[in-house]
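**Q** So that we are looking at the same thing, I have put the structure below in structure tokens.
The values are calculated or read from the model by the stated rules, or taken from the named source; none is laboratory data. This is a predicted model, so every value here is computed, not measured. Cβ atoms come from the backbone with ideal geometry, glycine included; neighbour counts cover every protein chain shown.
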Amino acid sequence: MSDQREVAVVRWPGRTPSAGAGPAELLAAYHLTTQAEKGEAVAGVEDLPDRYRVEIADPRTAFADDVVLLALSGDSAVGCLVVTAPADGRSEVKRLWTDPEFRGSGIASSLVGAVRLSVWKWRAGAIALYERLGFTVTESWDERDDLVCMERAL
């Protein structure tokens, strides 16, 4: 018996009412994990910085100008990707998250396209994934310390 789960990638919000709350739960897990990795762990979503709580509370408005892709297993969102609206002719990956239970099944590969991204330098697994997908480290466009900027040639 195979443990493979069928996963579909869809643009959110879409025309169908599937995906429940959309990316909200995935974004909450992403931001809570990131805060802990920064050494600034918080007890719950209500303790996150305002800019992150807004994304979780109302992702439709927070990402109104961006592209949000969801990986769905049935009606459950198991992965998400947020790509910013183009600036200077390029888009940027702002959020890429896969439910830990679904990691290793190609979901991130299915979500990622030819875009640039930034990733915290301590996320070695994510950096290795991006390198396998053809991304290379490039000159930073972000002034924050500890970010690695990467892009993939078209």
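**Q** The conditions are (1) without any contact (Cβ under 8 Å) to a residue 24 or more places away in the chain; (2) more than 16 Å from the chain's Cα centre (by Cα); (3) on the phi < 0 side of the Ramachandran plot, and Arg152 fails exactly one of them. Which is it?
**A** (1)
**Q** Oh, and also: Could you list all residues from region 109-131 that are under 12 Å from Met150 (Cβ atoms), out of contact with any helix residue (DSSP H, G or I) (no Cβ under 7 Å at 6 or more places or on another chain) and either free of Cβ contacts under 8 Å to residues at least 24 places away in the same chain or in a helix (DSSP H, G or I) (or both)?
**A** Of everything in region 109-131, those that are under 12 Å from Met150 (Cβ atoms), out of contact with any helix residue (DSSP H, G or I) (no Cβ under 7 Å at 6 or more places or on another chain) and either free of Cβ contacts under 8 Å to residues at least 24 places away in the same chain or in a helix (DSSP H, G or I) (or both) turn out to be Ala126, Ile127, Ala128, Tyr130, Glu131.
**Q** Which one of these is on the phi > 0 side of the Ramachandran plot, small (Gly, Ala, Ser) and touching a Lys or Arg at 6+ places or on another chain (Cβ under 9 Å): Gly106, Gly134?
**A** The unique qualifying residue is Gly134.
**Q** If a residue must be surrounded by 24 or more Cβ atoms within 10 Å (Cβ to Cβ) and free of Cβ contacts under 8 Å to residues at least 60 places away in the same chain, how many such residues does region 67-76 contain?
**A** Qualifying residue count for the region: 0.
**Q** Which pairs have Cβ atoms under 9 Å, sit 6 or more apart or on different chains, and link a residue in region 1-23 that is at pLDDT 60 or above to one that is of a type in the set (D, E, K, R) and part of a loop (DSSP other than H, G, I, E, B)?
**A** Ser18/Asp75; Ala19/Asp75; Gly20/Asp75
**Q** Take region 32-59 and flag every residue that is of a type in the set (D, E, K, R) and either touching a His at 6+ places or on another chain (Cβ under 6 Å) or not in a helix (DSSP H, G or I) (or both).
**A** Selection gives Lys38, Glu40, Asp58.
**Q** Here's a follow-up. Filter the strands (runs of 3 or more DSSP E) completely within region 60-104 down to those with at least 1 residues that are touching a Leu at 6+ places or on another chain (Cβ under 9 Å) and among the basic types (Lys, Arg).
**A** Result: 92-98.
**Q** For region 84-98, indicate whether the set of residues that are closer than 22 Å to Ala128 by Cα and of a type in the set (A, V, I, L, M) is non-empty.
**A** Checked against the condition, which is being closer than 22 Å to Ala128 by Cα and of a type in the set (A, V, I, L, M), region 84-98 yields at least one hit.
**Q** Another one. Being at pLDDT 90 or above and aliphatic (A, V, I, L, M) is the filter; apply it to region 118-137 and report the residue that is surrounded by the most Cβ atoms within 10 Å (Cβ to Cβ).
**A** Applying the filter and picking the extreme gives Val119.
**Q** Right, another one. Just need a number here: residues in region 132-154 that are assigned to a loop (DSSP other than H, G, I, E, B) and more than 22 Å from Ser110 (Cβ to Cβ).
**A** Of the residues in that region, 9 qualify.
**Q** Can we say Trp97 is of a type in the set (Phe, Trp, Tyr) and under 22 Å from Gly14 (Cα atoms)?
**A** Yes, satisfied.
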